[in-house]
Amino acid sequence: MTENIRKTACFLREKLAENPGNGDYRLAHTMRVARIGAAIARAEGLDEEAMTVACLLHDISYCHPFTGEADWKDHGRASAAIARPFLETLALTEAQRAAILYGIAAHVDDRPELPGEPTPFTGTVADADNIDRFDAFRIYETLSRAGYEKLSPDARKTHLEETLAKLRKLRGLPFATKTAAALWRQRLGDWIHFYERLLQQNEDGRFLLEEETTARSETI
């Protein structure tokens, strides 16, 4: 770990601790995004240290509570504003700082409101963030949020089919690098495979339930 990365990780922990509502998830998510960003940077010949710093800071504005959707939509630009003075304390060039800030500010809605142009480097911040949204834990989280365990077999079927339709549409999402696109296809493929299996298991259960119901009705 370089000194720049060590300082950034410490700054991240200190800032996120200002908002206890984050729990452990925001920090864990950010660390995973940093690892994904670093892996993409290595494979693509990008600045790995600067990428790690950018990813560690991409959600730093979660140090403040969000009051609504507008805060969430603006959190990339808000994170860049918080990161700017901190980046001045690191041993980075002006070009590195500018690229880091642009990537952070643009990662939510591609509207950085900063001078500069999108590049594979700046786009990788958003790519790493999106890829982590489809980690294994998010499957559990998504099903829990939908109250899947309490749904009827018919409602489960509807939920699973709708989710699969959305996942298949996401296959064509554009990415800044070939490496990110490959990681995305792998993650999305894992999700699709899981949901297809879950849908099949639900249908098998529905079939057995229908068979049992029919058998009971015939004995009455």
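Readers should treat all values here as calculations from the given coordinates under stated rules, not as data from a laboratory. Values in this document were obtained by computation on a predicted structure and should not be read as measured data. Reconstructed Cβ throughout: ideal geometry from the backbone, glycine too, with neighbour counts over all protein chains shown.
Run through the range 107-165 and list the trypsin sites (Lys or Arg not before Pro) located in a DSSP loop whose Cβ has at most 16 other Cβ atoms within 10 Å. Please list the in-between numbers first.
Numbers: sites: Arg133, Arg138, Arg145, Lys150, Arg156, Lys157; in loops: Arg133.
Hits after loop and neighbour filter: Arg133.
Taking the longest Cα principal axis of the chain as reference, the axis of helix 75-87 is set at about 30 degrees. Between the helical axis of 25-44 and the longest alpha-carbon principal axis of the chain there is an angle of about 70 degrees.
Only one residue of Ser79, Thr93, Ala50 has its Cα farthest out toward the positive end of the dipole of the range 44-98, where Lys and Arg carry +1 and Asp and Glu -1 on Cβ, and that residue is Ser79.
Tell me whether the range 73-177 comes out rounded, prolate or oblate; compute the Cα gyration tensor, take square roots of the eigenvalues as a ≥ b ≥ c, and use a/c under 1.5 as the rounded threshold. Because a/c hits 1.5 or more and a/b exceeds b/c, the range 73-177 counts as prolate. With the chain treated as a Gaussian network of Cα nodes joined by springs under 10 Å, which of Leu151, Leu92, Leu199 yields the largest mean-square fluctuation? In this elastic network of the chain, the residue with the biggest mean-square fluctuation among Leu151, Leu92, Leu199 is Leu151. Note on the chain: with a GNM built from Cα contacts shorter than 10 Å, the maximum mean-square fluctuation among Thr158, Thr122, Thr67 falls on Thr67.
Taking the Cβ of Ala17 as the centre, find all other residues whose Cβ is under 13 Å away and add up their charges (Lys, Arg: +1; Asp, Glu: -1).
Overall, the nearby charge balance is 0.
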